[in-house]
Amino acid sequence: MKTRTLLLLSVAVALAILLAGGVFLFQLTSETAAVERAEIGEDVSVGDVEVTVFGASGGDPILSVDVELGGVDDPAGVDSFALVTGDRRLVPITAPDEGRCVDIGVAAQRCRIDFDVSGADGSNRLLVLRRGDEQRNWVLPAP
């Protein structure tokens, strides 16, 4: 090939890459990535689970979140919940205890999800539930 042909081909490829980058950038700017915030007491569906958060109590060292769960038989239980504080992301305590949510069943059950918040910043508390591609957040009031 001649040098002129190679230069024209390289310019065409560069323009194609620039155009593809522009299209991708446009897609990113028009995409909404905000997660809907649910209100305390509101019935919401997150993936295949129906959830109602009624509130939180306690706080040192255990924060208990009062919830009603149901809609699907999930042996993984409440592992899809997390508590995000000002400085860390906490996983729920899954050891069986009276009144504590351990698993999610088809029938709705009212129970509590406990988090060990000892050593965590207590100013911000966000309960997060992620199921598949869906996520909902609840802002928990400071105890």
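The values are calculated or read from the model by the stated rules, or taken from the named source; none is laboratory data. All values reported here derive from a predicted model rather than from experimental measurement. Cβ: placed from backbone, ideal geometry, glycine included. Neighbour counts: every protein chain shown. With ligands, DNA and RNA removed, areas are computed over all heavy atoms of the protein, side chains included. Shrake-Rupley method; radii C 1.70, N 1.55, O 1.52, S 1.80 Å.
When GluC sites (Glu not before Pro) are flagged only if DSSP places them in a loop and at most 12 other Cβ atoms lie within 10 Å, the longest unflagged stretch of the chain comes out as 43-97.
When the chain is treated as a Gaussian network with alpha carbon springs shorter than 10 Å, the biggest mean-square fluctuation among 117, 106, 67 belongs to 106.
Across the range 86-91, rounded Karplus estimates of 3J(HN,Hα) from the backbone phi angles (6.51 cos²θ - 1.76 cosθ + 1.60, θ = phi - 60°) give x, 10, 7, 10, 10, 9 Hz, Gly and Pro being marked x.
Amide H contacts for residue 59 (H built 1.01 Å from N in the peptide plane; partners 5 or more residues away or on another chain; cut-off under 5 Å): 64.
Amide H to amide H distances under 5 Å link residue 100 with 112, where only residues 5 or more positions off or on other chains count and H is placed in the peptide plane. Exposure here means at most 14 other Cβ atoms within 10 Å; with trypsin sites (Lys or Arg not before Pro) in a DSSP loop as sites, the longest stretch of the chain lacking them is 3-87.
Each residue of the range 111-120 was assigned a 3J(HN,Hα) from its phi angle through the Karplus expression (A = 6.51, B = -1.76, C = 1.60, θ = phi - 60°), giving 7, 10, 10, 9, 10, 7, 9, 5, x, 8 Hz with x at Gly and Pro. What you get for the chain, charging only the Cβ of Lys and Arg (+1) and of Asp and Glu (-1), is a dipole of about 1140 debye around the Cα centre. Taking the centroid of alpha carbons for each part, the range 3-44 and the range 65-117 are 37 Å apart. Residue order by solvent-accessible surface for 18, 28, 140 is 18, 28, 140, largest first, with ligands and nucleic acids left out and a 1.4 Å probe.
Database remark: amide H of residue 117 closer than 5 angstrom to the amide H of 62, 63 (H placed geometrically; neighbours at sequence offset of 5 or more, or on other chains; Pro and chain starts carry no H). Comparing 54, 24, 81 in a Gaussian network model of the chain (Cα springs below 10 Å), the most mobile by mean-square fluctuation is 24. In the chain, the longest principal axis of the Cα atoms and the axis of helix 3-30 are about 30 degrees apart.
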